[in-house]
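Comments concern the structure below.
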Amino acid sequence: MDLKIAVLPGDGIGPEISEQGVAVMNAVCEKFGHKVSYQYALCGAEAIDKVGDPFPEETFKVCMEADAVLFSAVGDPRFDNDPTAKVRPEQGLLAMRKKLGLFANIRPVETFDCLIHKSPLKDELVRGADFICIRELTGGMYFGEKYQDNDKAYDTNAYTRPEIERILKVAFEYAMRRRKHLTVVDKANVLASSRLWRQVAKEMAVQYPEVETDYMFVDNAAMRMIQDPRFFDVMVTENTFGDILTDEGSCITGSMGLLPSASTGEHTPVFEPIHGSWPQAKGLNIANPLAQILSVAMLFEYFNLKEEGALIRKAVNASLDANVRTPEIQVEGGARYGTIQVGQWIVDYIKKA
Ligand code: IPM
Ligand code: MN
């Protein structure tokens, strides 16, 4: 297959992990005979510095013309500490989501047996937890009408029926391919927007009789995720709740640096690690490239290239088993591997496989 990839390395550790993602992609394409080409484009703080816009028109064009986007991270402390900043790197991410119509954000929460001890939860609670959070990504409070003056401010949590239907369809279909258990997370006891979500979900559930669908308030879901994470198979929720719950999800596995994500919708899909730009680690060769590398696995799987995805997953597991790990997950007394060395080890594994 011919693959045209837009690469958006972004800020902080973004460029370093991006390099490893691309190296792995090359190795897999070579092995399986796919032709791949890359177009690099600016985003985030780097794009603000260079052209004054965190998601420039040129980058949008590159994304639209590609088959997939390999995204790394955006964010820079120069902007976080400046409440008067008019443009922020994160706006680039939001603009990308909106302009590419990426309404479905797929965030798998998977555990790696050899890293369970890193989880803040008890081993027996978290071992075997494996669920997917499907977060609506282009609606709700993030994009609703906003107002702010010195005495009053508000954000609007608006959702239309078509917006709810299309994300729920993605969720029901994921559930059908997995353990057929869907949890719709909302705040229907308080919010009108949630009541519409629940109403639409109940109407749609009839079309998926094999799926066991349950409904859970978001506060309860936050609790259940740490009390009994294995309860969940597929969870679907609105933008803001999904933002919060997926951070919780990523840390209960003990391996935030290992979790990839996919955002799909109307135009080119985007594959990215769920962690941020970790500016303090920039240039130190310590960032974990695995979430980015697993994003490449998700990219292949999106195009139904299952063997390619499986080989990457196998290589990642082998690197963990061989204790070829970046410092934050290295075992005591284990050798020192940097971003580059972990990436290289995985590339070599793929080449030899
Ligand atoms: C995420 C991030 C973004 C979000 C920020 C960086 C705007 O936290 O992808 O979860 O809130 O969606
Ligand atoms: Mn977030």
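Observations
- Selection within segment 14-41 - in contact with a Ser or Thr (Cβ under 6 Å, 6 or more places away or on another chain) and hydrophobic (A, V, I, L, M, F, W, C): I17, A41
- Test: G254 is at positive phi and open to solvent by 10 Å² or more (accessible area, probe 1.4 Å): yes
- Among residues of segment 141-196, those that are open to solvent by 80 Å² or more (accessible area, probe 1.4 Å) and free of Cβ contacts under 8 Å to residues at least 24 places away in the same chain, counted: 13
- If you filter segment 197-211 down to residues that are in a loop (DSSP other than H, G, I, E, B) and of a type outside the set (A, V, I, L, M), you find that the one that is surrounded by the most Cβ atoms within 10 Å (Cβ to Cβ) is Y208.
- Restricting segment 229-258 to residues that are assigned to a loop (DSSP other than H, G, I, E, B) and within 16 Å of ligand 2 (Cβ to nearest atom), the residue that is nearest to S119 (Cα to Cα): T253
- Count of segment 260-269 residues which are closer than 26 Å to L320 by Cα and away from ligand 2 (no atom under 12 Å from the Cβ): 2
- In segment 233-251, the residues that are closer than 15 Å to M216 by Cα, more than 12 Å from ligand 1 (Cβ to nearest atom) and surrounded by fewer than 24 Cβ atoms within 10 Å (Cβ to Cβ): D233
- Residue within segment 186-209 that is away from ligand 2 (no atom under 16 Å from the Cβ) and either within 19 Å of G128 (Cβ to Cβ) or at pLDDT below 95 (or both) present: no
- Criterion violated by I252 - all others in (1) more than 30 Å from C63 (Cβ to Cβ); (2) at pLDDT 95 or above satisfied: (2)
The values are calculated or read from the model by the stated rules, or taken from the named source; none is laboratory data. What you see is a predicted model, and the numbers here were worked out from it, not measured in a lab. Backbone-built Cβ (ideal geometry, glycine too); neighbour counts: all protein chains shown. The area values use the complete protein model at the heavy-atom level, side chains included, leaving out ligands, DNA and RNA. Shrake-Rupley method; radii C 1.70, N 1.55, O 1.52, S 1.80 Å.
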